[in-house]
Amino acid sequence: MTSLNYAPYGRRAAAALVDFCVTWLAAVVIFVVGFGVLFSDTVRPLGVVLMVVGLIWAPAFFIFNDVIRQGKTGQTIGKTRLNIRLVREESGLPIGVGYAALRLLASYALNTVTAGLFWIVDYVFPAFDAKKQRVVDKMIQTVVVDGRAQSTLPPPTAEVGRPVGSEYA
């Protein structure tokens, strides 16, 4: 087991805010600009295109950022900006796209069953936990680590579970 330096709750919250803005706020701005352009006689098609892009942006970018990017590198855009990353607790490696999707789906499923109470508990839990883990992180054995502090984390990977430059198969 590696020695991990857990990311402070404030940086995790700030990373989530950055991700929210890049995903959902950007989608709303694109859609609203498109709606405004829709009433112009000369560029009406541009308005339609912007509205469609605004509608597609949020779910597509959310899946890219939270599942694909975070699964492969351990970092969303927000986590990159705040120099933290999501890793497997036992190895310190990125969790992979499958576990990133499982983490997201488990969170959504539990939130649905509890009528929204799970997310409140899940997002506040790291403020009081010794390892700064969300409840869903405890379930799939992941942690968010501080990239600024010195730790014994392996180097970033080209493939999940395989350090760059490793010679093993």
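Taken together, the values in this text are just the output of simple stated rules run on the coordinates, not laboratory data. All values reported here derive from a predicted model rather than from experimental measurement. Every residue, glycine among them, receives a Cβ derived from its backbone with ideal geometry; neighbour counts consider all protein chains shown.
Computed quantities for the displayed model
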| item | result |
| --- | --- |
| Spin-label pair Leu105/Phe128, simplified geometry with 7 Å Cα→Cβ offset, distance in nm | 3.0 |
| Estimated [θ] at 222 nm from DSSP helical runs (n ≥ 4, -39500 (n - 2.57)) normalised by residues in the chain, nearest 500 | -15000 deg cm²/dmol |
| Ascending count of other beta-carbon atoms within 10 Å, so fewest first, for Ile56, Ile84 | Ile56, Ile84 |
| Most fluctuating residue given options Val124, Val43, Val145, as computed from a GNM of the chain linking Cα atoms under 10 Å | Val43 |
| Degrees between helix 26-38 axis and first principal axis of the chain (Cα, 0 to 90, nearest 10) | 10 |
| Long-range amide H partners of Thr142 with built H, under 5 Å | Glu89 |
| Angle between the chain longest axis and helix 97-113 axis [Cα atoms, degrees, rounded to 10] | 70 |
| Over the range 9-163, relative contact order from alpha-carbon pairs under 8 Å, at least 6 apart, % | 22 |
| Length added when fully stretched, Val32-Thr112, from 0.36 nm per residue minus Cα-Cα | 25.9 nm |
| Taking N as its residue count, the alpha carbon Rg of the range 1-132 over 2.2 N^0.38 Å | 1.27 |
| Nearest-ten-degree value, helix 44-63 long axis tilted from longest Cα axis of the chain | 20 |
| Pairwise centroid distance, computed over Cα atoms, of the range 52-79 with the range 90-107, Å | 14 |
| Most fluctuating residue given options Thr42, Thr114, Thr142, as computed from a GNM of the chain linking Cα atoms under 10 Å | Thr42 |
| Most mobile listed residue (Asp19, Asp122, Asp137) in the chain, GNM with C-alpha springs under 10 Å | Asp122 |
